[in-house]
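Have a look at the structure below, then the notes.
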């Protein structure tokens, strides 16, 4: 114990605490700047380079983006996709994960291999696009949900969690005349709430963050989710890509504060669910194992 | 009884497992029903597209259907290896992968080791909370933040440069800044989250080992080097194997957002090229061939890395 208070150890402590504080600060800084700037007037942002606390608060950027149809509609689309998608994903994943957690299942090894193999080898963008197209999902909201409904990774985490529950529970439920579906919905799922909550939130965050599938499958701009609109407003409207200058030719580029406000609006829902997520993943509980 | 057993041993052996299998399947029929929707999903969206890779061997046109085109054999793969653009995107892809492996990969390990040395729980938990946040932000958000920070009109970084008496730098169009920005974005978004799996592995280390090391007069750095690091070695190996399997899989969502006509010579990677050539220019078969090549290399590498890991006595992924 005495050695712990040696000079070398003290220096180590100081350096370690300082470095980690700086890292945490650097992680936060970009986002804090964006939030602060979104509440700032354009004039102040133009004259001052560095804004962490604006001198005059204004909501004009937010008023502007919610006065346009585009952002409001895209937010509603994203909320809908996230709600429906998370439900569909969880239903499919729980059913399949529970089935695969039953060790007495004939053919279990083959199915598990089929699932795991998709993590090692993917057909890629074009063949998948053609399948989605042949299924008639182009320009349908379902194209943002069904083609990625089950994540093999999440499925295996759930399966491992179900497998870790004591087998005696199912046996006794069966003796009491409970069906397989009854066991899953009345016993296994209620007992797995921490895992269910975590995986649901993972799916939800994924759906909220969807943008590339929307670019691939939705030609109709009125159906775009908020992330695609954010890309239009910040990335494309910066006028950097001369191949995509259609937008900037007709409309003047949006104000810097408007860009900041759209970034904040697209991020806030994720930050709201974050505290709920955190409770579970700090324990490392859900990262049990990715091995079959 | 003895007689029948003696006469028909072969049929008994044959029929018994069959009936067993049928019984086992029947007993679990509802379980199969549960698996069915998921299985249909994997077949429809993972395995049928694999069959669809066949279009890289034909002259595919969407209106003719998946197997309607004339077969051309390996023509598109020949085109691949003679196309100068392909060598450019392969080079770009490999460079970004190398940077990820050399610079990004060790950072979560170091961060986890640093966090593990923190004894004030409140401080440790606060830092963890903060550095996990960016992982939940989409690439659109990360790239958008990058844009508003780095833009030449009113961007904060260029504002600081000007105040320090420097020239403005057009980071977003620059070919030399693309790679550093790409790696920094990866670090900002993923390094914090990457610590979780290492921290989980560290918690399983026997505290007695540290006590013993202290008795022997080992310094903090030596304890980290001789106890903590070896204890998480197998986790590091597993993650390294998985990473190597993603050699050509650099996140097209991310790179596609950073790509513009000025930085194309360094930012165009296999995935973005597949999208441009395939879906925008209609070179269906050629871009599928590129994607096929990419997936195949990934599979070979992950299997190779796994084999190597087992060879040197590590556990491997499967």
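Just so you know, all these numbers are worked out from the coordinates, no wet-lab data involved. Since the structure is predicted, the reported quantities are computational estimates derived from the model, not experimental observations. Virtual Cβ from ideal backbone geometry, glycine too; neighbours counted across all protein chains shown.
Note on the protein assembly as shown: Cα convex hull, mean projected area over all directions, 37.2 nm². I'd like the distance between the alpha-carbon centres of the stretch B:205-219 and the stretch A:152-195, rounded to an integer number of Å. A separation of 41 Å, based on Cα centres.
Its alpha carbons considered, chain B gives a radius of gyration followed by a Dmax of 27.2, 104 Å.
Can you tell me the length gained on complete extension of the stretch residue B:214 to residue B:315, counting 0.36 nm per residue apart and subtracting the Cα distance? Before the final figure, lay out the partial values.
Values: separation 101, 0.36 × 101 = 36.36 nm, distance 3.01 nm.
Extra length from residue B:214 to residue B:315 when fully extended: 33.4 nm.
So how much slack lies between residue A:189 and residue A:87, counting 0.36 nm per residue of separation and subtracting their Cα-Cα distance, in nm? Provide the component values of the computation, followed by the final result.
On the way: separation 102, 0.36 × 102 = 36.72 nm, distance 1.41 nm.
Result for the pair: 35.3 nm of gain on full extension.
Note on the stretch B:149-193 and the stretch A:87-144: Cα centroid distance 39 Å, given to the nearest whole angstrom.
Can you tell me the convex hull volume per residue for the stretch B:229-296, based on C-alpha atoms, in Å³ to the nearest whole number?
Numbers: hull volume 7.0 nm³, N = 68.
Here the figure is 104 Å³ per residue.
Extending 7 Å from Cα along the Cβ direction at residue B:280 and again at residue A:165 yields two label points whose distance is 4.9 nm.
Arranged from fewest to most other beta-carbon atoms within 10 Å of their beta carbon, B:97, B:67 become B:67, B:97.
Mean per-residue shielding of peptide A:25-32 is 5, counting Cβ atoms of other chains within 10 Å of each Cβ. Packing-based ranking of A:169-182, B:37-50 yields B:37-50, A:169-182, ordered from highest to lowest mean Cβ neighbour count within 10 Å.
Among B:27, B:119, B:124, rank each residue by its count of other Cβ atoms within 10 Å, from fewest to most, as a rough exposure measure. Please report the intermediate quantities before stating the final value.
Working: B:27 13, B:119 9, B:124 18.
Lowest count first: B:119, B:27, B:124.
Neighbouring Cβ atoms from other chains, within 10 Å of the Cβ of residues in B:46-56, number 6 on average.
Angle of helix A:152-163 to the longest C-alpha principal axis of chain A, folded into 0 to 90 degrees and rounded to 10: 40°. List the residues of the stretch B:278-311 whose backbone N lies under 20 Å from a point placed 7 Å from the Cα of residue B:101 along the Cα-to-Cβ direction. Residues B:293-311 qualify, since their backbone N sits under 20 Å from the label point.
Test of understanding: ordering B:143, A:234, B:51 by Cβ neighbours within 10 Å, fewest first, what list do you get?
Values: B:143 22, A:234 28, B:51 14.
Lowest to highest Cβ neighbour count: B:51, B:143, A:234.
Which whole-number value in Å³ per residue fits the convex hull of the alpha carbons of the stretch A:146-223?
Details: hull volume 8.7 nm³, N = 78.
Dividing the Cα hull volume of the stretch A:146-223 by its residue count gives 112 Å³.
Taken over chain A, the alpha-carbon convex hull comes to 229 cubic angstrom per residue.
Inside 10 Å of the C-beta atoms of A:101-114, what's the mean count of C-beta atoms belonging to other chains? Spell out each step's value before the answer.
Working: counts 1, 4, 0, 4, 7, 11, 6, 3, 0, 0, 5, 0, 1, 5.
Partner-chain Cβ atoms within 10 Å, mean over residues of A:101-114: 3.
Relative contact order of the stretch A:93-249, taken over Cα pairs closer than 8 Å and 6 or more residues apart, is 28 percent. Using only Cα coordinates, the Kirkwood hydrodynamic radius of the stretch B:125-182 works out to 13.0 Å. With r defined as the distance between the Cβ atoms of residue B:205 and residue B:79 and R0 fixed at 60 Å, what FRET efficiency is calculated, to the nearest 0.05? So the FRET efficiency works out to roughly 0.65. Computed from the Cβ-Cβ distance with R0 of 30 Å, the FRET efficiency linking residue B:242 to residue A:220 stands at 0.20. Relative to the 2.2 N^0.38 Å rule of thumb, the stretch B:181-314 has a C-alpha radius of gyration ratio of 1.48. Between B:189, B:121, B:223, the Gaussian network model of chain B with springs among Cα atoms under 10 angstrom shows the greatest mean-square fluctuation at B:121.
Mean-square fluctuations from a GNM of chain A, with a 10 angstrom spring cutoff on Cα atoms, peak among A:53, A:156, A:23 at A:23.
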